[in-house]
Amino acid sequence: MQTKLAPKIKSGKHAAAVEAILRKCVHCGFCNATCPTYQLRGDELDGPRGRIYQMKQYFEGEPANAEMLKHLDRCLTCRSCETTCPSGVQYSHLLEIGREAIEQELPRPAWDRWRRRLIVRFVNSGWLFKLSIRLGQLFAPLLPRRLREAVPPRQHLATRMGGEHPRKMLMLAGCVQPALAPNTNNKAVNLLDRFGIEVIELEQNLCCGAAAMHTSNAALGTEQIKRLIDAWWPHIEAGAEAIVVTATGCGVSVKDYARLLADDPAYADKATKVSALYRDLLEVVEAELAQAGQAPSPLRVAVHTPCTMQHGLGINGRVERLLEKHGYIICRVSDAHLCCGSAGTYSMLQPGLAAELRRNKQKALGGDEPDLIATANIGCQVHLAQGSPVPVKHWIELL
Ligand code: SF4
Ligand code: SF4
């Protein structure tokens, strides 16, 4: 698309990126076909092409307005449109720049700013989040149905077997996963131990920065990223060979540190190293698991590949292959490219759309009558479990 950036954008640090991304878009609209919000609403303004066009108008000088922000906020940042786009338009990068610029010109109402801050503080709080989940599990029968369904049942804790080994890998604990599904990392530690890998999981409650970034708080997100890099750095210098992440939502964030801190003289090199060391758990397990060591299981599994895994990390179809290799029967899932509606903090900020997407996804996952659903991200796991007739687990729990 031809672009003529307004002086306020042309003089800013993102001018080159905005111009390059906008010029790539040929306005063909192929991306609309795979956009979950366009499919739900059928409104051009709620599809990627329309959102790009609204941002273009802003970048070319139209004043920021609440309508623009409303349609940008409805975007899940699932990046399905990027996978579909034949021109390689980096939509999510444009959205990040556009949303930040529009918000600076037209600040959100106070109630919206506060709820965003509260959500991030709550999910990052560690003890408070854990306590709330425990109380929710304890008093589940007394809770209203919607709240009861949102709290996953307490897991029977798997014993951690991890011992000392010369090979060492760092593992991100995550902020909500230890309270919601502690067995994901417990089972990952046990499996890596079998491969002769010692897992270093830091005790502090450190966030990857994704929740703050999703709620337009780049300053807090950047601060959290730097804190995490500082905590990991001594172990990286001591020879940790990889950083393993068991939730793809956090993984896609860690992989992006190199780009996010590229202009920071104190952290650019460290962030590049951290991003280079990042591995999704699946990549580590695939590489280490030389041969199938598990008896065939009669269970039928429907795999939900999170958007962060298929569109963000470019890993698709591999959880299915790994589980099939281990004897599971893999069910057919229609529209597997579509988001389940969890999308980080989206399910809390856009509950109506998120619930509609979940219903559609549960229907698609249940079409082949699975015994359980496997996924790779804690957000999707908890969101999809709400009202699901079959259990939803992280795939590592099946190995
Ligand atoms: S983002 Fe890509 S698919 Fe969508 S309209 Fe632009 S060029 Fe076409
Ligand atoms: S990121 Fe997802 S929701 Fe947003 S425009 Fe692209 S496909 Fe649609």
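Computed values, structure above
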read-out: The chain shape via C-alpha gyration tensor axes, a/c threshold 1.5; value: prolate
read-out: Which of Trp395, Trp127 is most accessible, then next, and so on - probe 1.4 Å; value: Trp127, Trp395
read-out: Cα centre as origin, Lys/Arg/Asp/Glu Cβ charges: the chain dipole, Debye; value: 780
read-out: Selection of GluC sites (Glu not before Pro), segment 169-256, meeting DSSP coil and at most 10 other Cβ within 10 Å; value: Glu203
read-out: Packing-based ranking, highest mean first, of 355-363, 106-114, 168-176 given that Cβ atoms within 10 Å are counted; value: 168-176, 355-363, 106-114
read-out: Between segment 85-155 and segment 314-374, the alpha-carbon center distance in angstrom; value: 20
read-out: Probe 1.4 Å, accessible area per residue of segment 23-88, Å²; value: 42
read-out: Sorted peptide list for 23-36, 91-104, 135-148, criterion being average Cβ within 10 angstrom, highest first; value: 91-104, 23-36, 135-148
read-out: Estimated distance in nm for a label pair at Arg332 and Trp114, the labels positioned 7 Å out from Cα along Cα-to-Cβ; value: 5.2
read-out: Cα-based shape type of segment 208-274, given that a ≥ b ≥ c are square roots of the gyration tensor eigenvalues and the cut on a/c is 1.5; value: oblate
read-out: Segment 119-220 shape via C-alpha gyration tensor axes, a/c threshold 1.5; value: oblate
read-out: Partners for Lys13 among aspartates and glutamates (Cα-Cα distance below 14 Å; same-chain residues under 8 apart left out); value: Glu96, Glu100, Asp263, Asp264
read-out: FRET efficiency estimate (nearest 0.05) - Cβ-Cβ, Glu288 to Ala238, R0 25 angstrom; value: 0.75
read-out: Amide H partners (placed H, <5 Å) of Cys340, local residues excluded; value: Cys307
read-out: Heavy-atom accessible area ranking, 1.4 Å probe, most first, across Ser80, Ser125; value: Ser125, Ser80
read-out: Fully extended contour minus Cα-Cα distance, from Lys325 to Asn205, at 0.36 nm per residue; value: 39.6 nm
read-out: For segment 393-399, 3J(HN,Hα) per residue [Karplus equation, 6.51 cos²θ - 1.76 cosθ + 1.60, θ = phi - 60°, Hz, x = Gly/Pro]; value: 10, 6, 4, 4, 5, 9, 9
read-out: Note, ³J(HN,Hα) from phi for segment 17-31, Karplus 6.51, -1.76, 1.60, rounded to Hz, x at Gly and Pro; value: 5, 4, 4, 5, 5, 4, 5, 5, 6, 9, 6, 6, x, 4, 4
read-out: The chain: calculated mean residue ellipticity at 222 nm from DSSP helix runs of at least 4, using -39500 (n - 2.57); value: -14000 deg cm²/dmol
read-out: Sequence-distant residues sharing a close amide H with Ile197 (under 5 Å, placed H); value: none
read-out: Accessible area (Å², per residue) of segment 358-399, counting only protein heavy atoms and a probe of 1.4 Å; value: 37
read-out: Dipole magnitude of segment 113-242, debye to nearest 20 (Cβ charges: Lys/Arg +1, Asp/Glu -1, about Cα centre); value: 920
read-out: Where a label projected 7 Å from the Cα of Glu198 along Cα→Cβ would reach, residues of segment 217-255 with amide N under 20 Å; value: 231-245
read-out: Dipole of segment 1-112, positive end: most advanced residue of Ala20, His93, Pro109 [Cβ charges, Cα centre]; value: Ala20
read-out: Angle in degrees between helix 110-124 and the longest Cα principal axis of the chain, rounded to the nearest 10; value: 20
read-out: Gain in span if fully extended, Ala6 to Asp43, counting 0.36 nm per residue against the direct Cα distance; value: 10.6 nm
read-out: Accessible surface, per residue, of segment 170-244 when the full set of protein chains is kept, probe 1.4 Å, Å²; value: 35
read-out: Nearest-0.05 FRET efficiency for Ala266 and Gln90, computed from C-beta distance (R0 25 Å); value: 0.45
read-out: For segment 276-281, Karplus couplings with θ = phi - 60° (6.51, -1.76, 1.60), whole Hz, Gly/Pro x; value: 5, 7, 4, 9, 6, 3
read-out: Charged-residue dipole, Cβ positions (Lys, Arg, Asp, Glu), segment 1-115 about Cα centre, Debye nearest 20; value: 180
read-out: Solvent-accessible ranking of Met161, Met309, largest area first, probe 1.4 Å; value: Met161, Met309
read-out: Residues whose placed amide H lies under 5 Å from that of His394, excluding near-sequence neighbours; value: Thr375
read-out: Those residues of segment 176-206 whose amide nitrogen sits under 13 Å from the label point placed on Phe139, 7 Å along Cα→Cβ; value: none
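The values are calculated or read from the model by the stated rules, or taken from the named source; none is laboratory data. Remember, predicted model here, so these are calculated numbers, not experimental data. All Cβ positions, glycine included, derive from the backbone under ideal geometry; neighbour counts span all protein chains shown. Heavy atoms of the whole protein, side chains included, go into the accessibility calculation; ligands, DNA and RNA do not. Shrake-Rupley method; radii C 1.70, N 1.55, O 1.52, S 1.80 Å.
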